[in-house]
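> There's a structure below that I have some questions on.
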Ligand code: ZN
């Protein structure tokens, strides 16, 4: 089975509007397991399929970030945020944007519906860090990055870091460590068709 890797800005997967998961099979379960491993390795608390170049509506979280607290792991398949209440600012980061941090306004309380890895639907009311992680990861499935949700002056401050990341990706492409833009997009389309046909 394919080995996943976290991709970084400006990989086209991070701008992909992903498609619903249509079947939960051994391949998908293997991917989810790899996503948790990659998330813990990178010391994250959430990881969306887009961040491992899979164009499907799915993300994983563990707000503790601690693999020993596996009871806090949660898989969200085809999630939908159906209610948002209140708002507050807090600093966010993203595994696809190393060293980039900025305050983001998010809803204080949300209700999210999704399917779990057994295909059972569930609804949860979330607030605080849990609600924030789910809003951040859910954005990824629409190709939205947290840096899209900051004001112009903050984005201007972050721009040099984003430019650095773009330069690193170009370098990897020039060195042949990463496929070129057209090939990356072609692969995303292939994956999309493979599991939504
Ligand atoms: Zn992120």
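> Give, in nm to one decimal, the length gained when the segment between residue 179 and residue 192 is fully stretched (0.36 nm per residue of separation minus the Cα-Cα distance).
2.9 nm
> Under a plain spin-label model, where a point goes 7 Å from the Cα along Cα-to-Cβ, how far apart in nm are residue 33 and residue 83?
3.7
> On to the next question. Just 155, 57, 106 to compare: in a GNM of the chain, with alpha carbon springs under 10 Å, which one fluctuates most?
Of 155, 57, 106, the most mobile in the Gaussian network model is 155.
> Remind me, relative contact order of the range 12-196 in percent, using alpha carbon pairs under 8 angstrom and six or more residues apart?
25
> Kirkwood Rh over Cα pairs of the range 12-196 into Stokes-Einstein at 25 °C, 0.890 mPa s: D in µm²/s?
Here the translational diffusion coefficient equals 143 µm²/s.
> Here's a follow-up. State the extension gain, in nm to one decimal, for the chain segment bounded by residue 152 and residue 90, taking 0.36 nm per residue of separation less the distance between their alpha-carbons.
Contour length minus the Cα-Cα distance gives 20.6 nm.
> As a test, work out the antiparallel percent of DSSP beta bridges whose residues both lie in the chain, rounded to the nearest 5.
95
> Here's something else I'd like to know. What FRET efficiency do you get for residue 163 and residue 120 if R0 is 35 Å and r is their Cβ-Cβ distance, rounded to the nearest 0.05? Write down the numbers at each step before the final one.
On the way: r = 44 Å, r/R0 = 1.26.
So, using R0 = 35 Å, E works out to roughly 0.20.
Every number in this text was worked out from the coordinates using simple rules, so none of it is lab data. Because the structure is a prediction, the values reported are computed rather than measured. Every residue, glycine among them, receives a Cβ derived from its backbone with ideal geometry; neighbour counts consider all protein chains shown.
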